[in-house]
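Read-outs throughout are calculated quantities, based only on the coordinates presented, and are distinct from any laboratory measurement. Computed from a prediction, not measured in an experiment: that's the story for all the values here. Cβ placement follows ideal geometry from the backbone for every residue including glycine, while neighbour counts extend to all protein chains displayed.
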Amino acid sequence: VYKLGKRSLRRLVGVDPILVFCVIEAIKISKYDFGVFEGLRTVARQRKLLREGRTTTMHSRHLTGNAIDIVPYKNGKFNWELPHYFNEIESCMKLVIKNHNLPIEWGGDWKSFIDKPHWQISRKFKDGYDYRKDIYG
Ligand SMILES: [Zn+2]
């Protein structure tokens, strides 16, 4: 059984607790290890990613703590080249999302700019909007 390491937990500081809960539960049922590559992002870093073509927006949900990037972890390193790990992460995250009815969507399901590491609070809910009322009453 895997759990998030200290570095991953540090990278969850400032991230929406619904996302934090989801990733902590998902790794408990995953047959492969993974980690949090990025959570809350600075505007300066977002600008740099935009220049490098690694994002398409300056309105990333990472800037508001509404998104995380989860990447397979193998032999002590993050590794983006492991499709079966990404499949496992997808299954585990989606199971927790379904079981707890969480308002989280996956970048891998997007039609343009497929972003497999990326999970965010659903776009139905604007930043700063208290979606918990809508879900939990
Ligand atoms: Zn992301």
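Points to keep in mind about this one:
- Mean shadow area of the chain over all directions, Cα convex hull, nm²: 8.4 nm²
- Ordering 65, 19, 32 by Cα displacement along the dipole of the chain toward the positive end leaves 65 in first place; charges were set at the Cβ atoms of Lys, Arg (+1) and Asp, Glu (-1).
- For region 78-86, Karplus couplings with θ = phi - 60° (6.51, -1.76, 1.60), whole Hz, Gly/Pro x: 5, 9, 8, 9, 10, x, 5, 5, 4
- The residues neighbouring residue 5, those whose beta-carbon lies less than 12 Å from its own, together hold a net charge of +4 under the Lys/Arg +1, Asp/Glu -1 convention.
- Sequence-ordered 3J(HN,Hα) estimates for region 8-17 from the Karplus curve with 6.51, -1.76 and 1.60 and θ = phi - 60° stand at 4, 5, 4, 6, 9, 5, x, 8, 3, x Hz, glycine and proline given as x.
- With the highest mean first, a sort of the peptides 120-126, 30-36 on other beta-carbon atoms found within 10 angstrom per residue produces 30-36, 120-126.
- Mean separation of Cα contacts under 8 Å (6+ apart) over length of the chain, as relative contact order %: 24 percent
- Hz values of 3J(HN,Hα) by residue in region 105-121 - Karplus curve (6.51, -1.76, 1.60), Gly and Pro given as x: 10, 10, x, x, 8, 6, 7, 10, 6, 5, 10, 4, x, 8, 10, 8, 4
- Of the peptides 95-103, 68-76, 55-63, the ranking by mean beta-carbon count within 10 Å, highest at the top, reads 68-76, 55-63, 95-103.
- Each of 106, 119, 80 was scored by other Cβ atoms within 10 Å of its Cβ. Arranged with the fewest first, they read 80, 106, 119.
- Placed amide H near residue 34: partners under 5 Å, 5+ positions off or other chain: 73
- Efficiency of FRET from Cβ geometry, residue 123 and residue 31, R₀ 30 Å, rounded to 0.05: 0.50
- According to the calculation over all Cα-Cα pairs in region 15-60, the P(r) per 10 Å bin from zero is 22, 38, 30, 10 %.
- Hits among lysines - C-alpha to C-alpha of residue 124 under 26 Å, sequence gap 8 or more where chains match: 94, 98, 111, 116, 133
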